[in-house]
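To keep things clear, I will list the structure first and then write my remarks on it.
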Amino acid sequence: MSITLSLTIITVAISILGFYNNNVINQFIFTPYQVKRKNQWYRFISSGFIHADIPHLLFNMVSLYMFSDFVESFFTMTFQENANIAYLGLYFFSLIVCLIPTYIKHQDHHYYRSLGASGAVSAVVFAGIFLQPTLQIGFFIIPPIIPGFVFGPIYLFITAYLSKTGRGNINHSAHLWGSLFGIIYLIVTTRFMTHYDVIGAFVQQIRTYLKM
């Protein structure tokens, strides 16, 4: 069983349990106010295993599935005996890092709550885009005709804008920082744990694509 499948099964199971048991949501959800005052730091990670509703859960798990197979396979081939640790590091560290700006901003707001695996999923998705930048990706109603290296900046710009304006009931900040962390984590780990030049491969793929 792959690590992604294991994470998906656990996330789906806990999320469904939360749909029917509000105590699970209250115990797992990210509340910066509670984290600061009761030292409940586990919420940085636990909040990634619950979701608001079925569409929220399905969107995250489907997005994870679409990119995780390639990303996890890359980790297996490149990191070898350290593959599992490196991949788990990508997922769990992204859950923490993506919520740090949220914690800083809302640590004194007792009403603020955030949940979902979006930050970790974004990290895996953008790690996949960085590894395969010419992969054709869709954007909302647009079919998959946009290469990843074009889709990525557009997505980050829109997400940064939505995060700044605070529109909607979505933690866009987690999406933004999760996405950026996925790329940074990939660059740093391959640089110090492998001999693979991920930046060089990224640039070369784009050069080849543009010469088509």
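The table that follows gives values for the structure above.
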item: Rg followed by Dmax, in Å, when the stretch 9-63 is reduced to its Cα trace; result: 11.5, 35
item: Over the stretch 66-185 - Rg/Rh using Cα atoms and the Kirkwood inverse-distance radius; result: 1.00
item: From the C-alpha gyration tensor of the stretch 33-79, square roots of 5λ in Å; result: 29, 18, 5
item: Within the chain: Cβ-based charge dipole about Cα centre, in debye rounded to nearest 20 (Lys, Arg +1; Asp, Glu -1); result: 640
item: Computed helical MRE - 222 nm, the chain, DSSP H runs ≥ 4 contributing -39500 (n - 2.57), nearest 500; result: -23000 deg cm²/dmol
item: Net lengthening on full extension, residue 36/residue 108 (0.36 nm per residue, minus Cα-Cα); result: 25.1 nm
item: Hydrodynamic radius of the stretch 27-122 per Kirkwood, over alpha carbon pairs, in Å; result: 14.3
item: The chain: Rg to Rh, with Rh as the Kirkwood radius over Cα pairs; result: 0.98
item: D (Stokes-Einstein, µm²/s), Kirkwood Cα radius, the stretch 153-197, 1.567 mPa s at 4 °C; result: 110
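We did not get these values from a lab; they are worked out from the coordinates using the rules stated. Note that the structure is predicted; figures quoted are calculated from it, not measured. Here the Cβ is made from the backbone with ideal geometry for all residues, glycine too, and neighbour counts use every protein chain on show.
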